[in-house]
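Presented below is the structure to which this report refers.
The values are calculated or read from the model by the stated rules, or taken from the named source; none is laboratory data. Just so it is clear, the model here is predicted, and its values are computed rather than measured. Here the Cβ positions follow ideal geometry from the backbone for every residue, glycine too, while neighbour counts run over all protein chains shown. The protein model used for the area step is the full one, side chains on, heavy atoms only, and it has no ligands, DNA or RNA in it. Shrake-Rupley method; radii C 1.70, N 1.55, O 1.52, S 1.80 Å.
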Amino acid sequence: MSELTFEQMLEDSIKTIHSGEVVEGTVIDVKSDEIVLNIGYKSDGILTKNEYTNDSSIDLTQVVKPGDTMEVKVLKVNDGEGQVVLTYKRLAADRGNKRIEEAYNSREVLKGVVTQVLEGGLSVVLDEVRIFIPASLVSDTYERDLNKYAGQEIEFVISEYNPKRRRYIGDRRQLITERKAELQRQLFERIHEGDVVDGVVKNVTDFGAFVDLGGADGLLHISEMSWGRVEHPKKVFRVGDQLKVLIKEINGSKIALSLKFEDANPWRDAASKYAVGNVVTGKVARMTDFGAFVELEPGVDALLHVSQISREHVEKPADALSVGEEVTAKIVDFNEEDKKISLSIKAMFAAEASAEPEGDEVSVDIDAVIAAQEEDGEQ
């Protein structure tokens, strides 16, 4: 039996490798665009930057150093120059594919950084696998500008997995919808009519404001914004304002809110402040053909009938008064149940007051006044 030469023994001691095989190597040299690894083979392995990552901006010397160990996949045993060509990103992609498949089957929530904002959605790279999230699946509301997501880490689930076509679709909207539904469920378990809760103004419209209560929105109607008169919600509130609101009514998934707290109700002690015979001062808030409505305080208006504006005949209120003008008058009628107060300037004159009984000074059709006030409020 012939003895083996040193070269034969050395060759026998070196393992054989094949294309597609996964091997472990030790980094022996790093350049900005290339890594050299000892893979226990007669030739060193070469890992180019293109086969390390899809990110062309990376400098390999900043992410890998000599002595590091890493698993790589063999692309070619001999590149024509006796070198072994390796890939890291394809091995990572293979493993990423497996992970994404498992996440798709188990509906696992994944996290990834948005690497690109495209015309039709977002691109997220996870373990070297590119996942596309269409614009319609980014949020549960329409997003006009997706650029705000650039560089952000977001959560999503895989809604479509097709490795043959390399089609991986992510869905973020589904998570948002489910989480909102859970928050809504918790909110409705917690709140009751009559509760005072914290909220944030989410949107302001001509008829009111929508307030986020942390799980559902409630409507604060313009008529419930104050005991006084509100000209327009946008003059009172802005998006982002924090409020303490009263839950007035819960009807299914609809929540009606109010800022008309009972302890601030101006009618609580109105019977004493506005008793018949008292002299009061207020500002003309609005006028109709039959009289002027005078605001005595926010939430308390009184009617000054056209016949009670002056001792002389007044054809229409605008001939003698103007909106915003301050007037002093006597209370001649107080109806707490209907929250109606009638005023008279004529009654301020003692001579006429003694000549004519105060009860005869005012002749007002209460039903007509109520109808007029309701009509004026709708306007």
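Restricting ILE58, ILE17 to those that are of a type in the set (A, V, I, L, M), modelled with pLDDT of 85 or more, out of contact with any Asp or Glu (no Cβ under 7 Å at 6 or more places or on another chain) and within 21 Å of ARG90 (Cβ to Cβ) reduces the list to ILE58.
Looking only at residues in the range 199-212 that are open to solvent by 40 Å² or more (accessible area, probe 1.4 Å) and part of a loop (DSSP other than H, G, I, E, B), the one that is nearest to LYS248 (Cα to Cα) is PHE207. The set of residues in the range 274-294 being buried (at least 17 other Cβ atoms within 10 Å of the Cβ) and either touching a residue at least 40 places away in the same chain (Cβ under 8 Å) or closer than 16 Å to VAL332 by Cα (or both) consists of TYR274, VAL280, GLY282, VAL284, ALA285, THR288, GLY291, ALA292, PHE293, VAL294. Scanning the range 228-242 for residues that are of a type outside the set (D, E, K, R), open to solvent by 40 Å² or more (accessible area, probe 1.4 Å) and either in a loop (DSSP other than H, G, I, E, B) or at positive phi (or both) returns HIS232, VAL236, VAL239, GLY240. Within the range 119-138, the residues that satisfy the criterion of being among the small types (Gly, Ala, Ser) and surrounded by 15 or more Cβ atoms within 10 Å (Cβ to Cβ) are GLY121, SER123, ALA135.
List the pairs whose first member sits in the range 52-81 and is closer than 17 Å to ASN38 by Cβ and touching a residue at least 24 places away in the same chain (Cβ under 8 Å), whose second member is part of a loop (DSSP other than H, G, I, E, B) and among the hydrophobic types (A, V, I, L, M, F, W, C), and whose Cβ atoms are under 7 Å apart, counting only residues at least 6 apart or on separate chains? Filtered contacts from the range 52-81: VAL74/ILE17; VAL77/ILE17. I want to confirm something. Restricting to the range 292-311 and keeping residues that are closer than 13 Å to SER344 by Cα and of a type outside the set (A, V, I, L, M), which single residue is modelled with the lowest pLDDT? The qualifying residue modelled with the lowest pLDDT is ARG311.
Given (1) open to solvent by 50 Å² or more (accessible area, probe 1.4 Å); (2) part of a loop (DSSP other than H, G, I, E, B); (3) free of Cβ contacts under 8 Å to residues at least 40 places away in the same chain, identify the lone condition not met by GLY215. Failing condition for GLY215: (1).
Sub-8 Å Cβ pairs linking a first residue in the range 169-187 that is of a type in the set (Lys, Arg) to a second residue that is open to solvent by 70 Å² or more (accessible area, probe 1.4 Å), at least 6 apart or interchain, are ARG173/SER136, ordered by first then second residue.
Here is a yes/no grid of residues against (1) over 30 Å from ARG167 (Cβ atoms); (2) crowded, with 16+ Cβ neighbours inside 10 Å; (3) modelled with pLDDT under 90:
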| position | (1), (2), (3) |
| --- | --- |
| VAL23 | yes, yes, no |
| LEU37 | yes, yes, no |
| TYR41 | yes, yes, yes |
| ALA92 | no, yes, yes |
| GLY112 | no, yes, no |
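Any residue at all in the range 161-183 that is closer than 30 Å to GLU262 by Cα, loosely packed, with under 12 Cβ neighbours inside 10 Å and among the hydrophobic types (A, V, I, L, M, F, W, C)? No, the range 161-183 contains no residue that is closer than 30 Å to GLU262 by Cα, loosely packed, with under 12 Cβ neighbours inside 10 Å and among the hydrophobic types (A, V, I, L, M, F, W, C).
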